[in-house]
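Contents: one structure, followed by commentary.
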């Protein structure tokens, strides 16, 4: 292993890099007219990599200021499959008036690095960038090639990032067989200071859907029996209030079995959601992986108070379990009926098994830094760029390790107010990733 003082230097740099990355506003609204773009952050990353000797590929992916950076570190055995380490540079919007610390300050205070992107996911970008620089500086050769990819547009589906690169520049990921990225490897404390680190092996599919209803336009003062707003509202209410069936996937079963082994808690299927509530703050995320969801998020209709519009639209955020797409579609048609037009952007579910040498390497790296802990697989209720990379046959995991305080509501920080990451967690994660990169 690396001399302690050297890896400590890399861990300290991960904190600095994370803070500096947060200060670069990379807000992705999904609207080309209002997004900021990732160019400045990509240029920052490119400079940090070239400064220590990397040859990088810098790709503008079909949109203004939508930039991606890819670099490959040669490993000792080029015949082995490469490991892809990917992170996105964009962040969701933040309203500074709601925050106690400015969301783009990157402030380091009270033991945390604060700001939009602190956990989603400039922390992982900072850790992986610090280690990429560390290995070049000290001529450290990992056992296999590592492809570092710093990407645009994950928060809007990756159309100018991972999806574009997979479709247009797949050679950049040649030889990659496995990948790690965000929302996995973080700790939860279950009992008596026993921590479990959740490694993402699955994630729900995404469907961002537009519902459209057409009616008859007219004056708002008259009687109308073909009002598009009324028909849309009724359909949206039916969908928003619908409960899809409970489905236990392999990933969720394995997670719950692991929790039972650690705690002795039962998770009976006749009261599964009540039992999951025992998990505390993480129960919101785990609970969302028990069934499909369809949450209305936006409504759009009309242009004047006294004019009945001819068209009304709604946006619905649907998240679909692996293996449930066809059943979800049938249920959707039954709920909405034939008069509702539907358009959507869909990204598929992802699922792999919790086994093999790569999982052993993750677990060993965590346990070396936190003896007595456990690693468990889990399903992410959201989505990541893994949805793009699985098209290349790459096996995907969420592994951005963080040892978290027992009382930190980690899941609430994603897209939340006062997003922040503990400084000690960043240093811990850097040490774990270093062990993992050297043994995987």
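The values are calculated or read from the model by the stated rules, or taken from the named source; none is laboratory data. Given the structure is predicted, the values throughout are model-derived calculations rather than measurements. Ideal geometry is used to build each Cβ from the backbone, glycine not excepted, and the neighbour counts take in all protein chains shown.
What the table shows:
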quantity	calculated
Residue count, segment 324-338 (criterion: touching a helix residue (DSSP H, G or I) at 6+ places or on another chain (Cβ under 8 Å) and at pLDDT 95 or above)	3
Subset of segment 27-48 [within 21 Å of residue 71 (Cα to Cα) and not in a helix (DSSP H, G or I)]	37, 38
Any chance residue 59 is touching a residue at least 60 places away in the same chain (Cβ under 8 Å), buried (at least 16 other Cβ atoms within 10 Å of the Cβ) and more than 20 Å from the chain's Cα centre (by Cα)	yes
Candidate set from segment 386-406 (those that are in contact with a helix residue (DSSP H, G or I) (Cβ under 9 Å, 6 or more places away or on another chain) and part of a loop (DSSP other than H, G, I, E, B)); member that is nearest to residue 432 (Cα to Cα)	401
Boolean, residue 230 is surrounded by fewer than 20 Cβ atoms within 10 Å (Cβ to Cβ) and within 30 Å of residue 145 (Cβ to Cβ)	no
Failed condition for residue 298, given (1) in contact with a strand residue (DSSP E or B) (Cβ under 8 Å, 6 or more places away or on another chain); (2) surrounded by 14 or more Cβ atoms within 10 Å (Cβ to Cβ); (3) modelled with pLDDT of 95 or more	(2)
Residues of segment 323-347 that turn out to be surrounded by 19 or more Cβ atoms within 10 Å (Cβ to Cβ) and within 19 Å of residue 385 (Cβ to Cβ), as a count	1
Subset of segment 215-232 (residues that are touching a residue at least 40 places away in the same chain (Cβ under 8 Å) and assigned to a helix (DSSP H, G or I))	228, 229, 231, 232
Helices (runs of 4 or more DSSP H) wholly inside segment 247-343 that include at least 2 residues being touching a residue at least 40 places away in the same chain (Cβ under 8 Å)	250-263, 283-287, 325-336
Evaluation of residue 156 against (1) at pLDDT 95 or above; (2) within 25 Å of residue 383 (Cβ to Cβ) (one fails), failing number	(1)
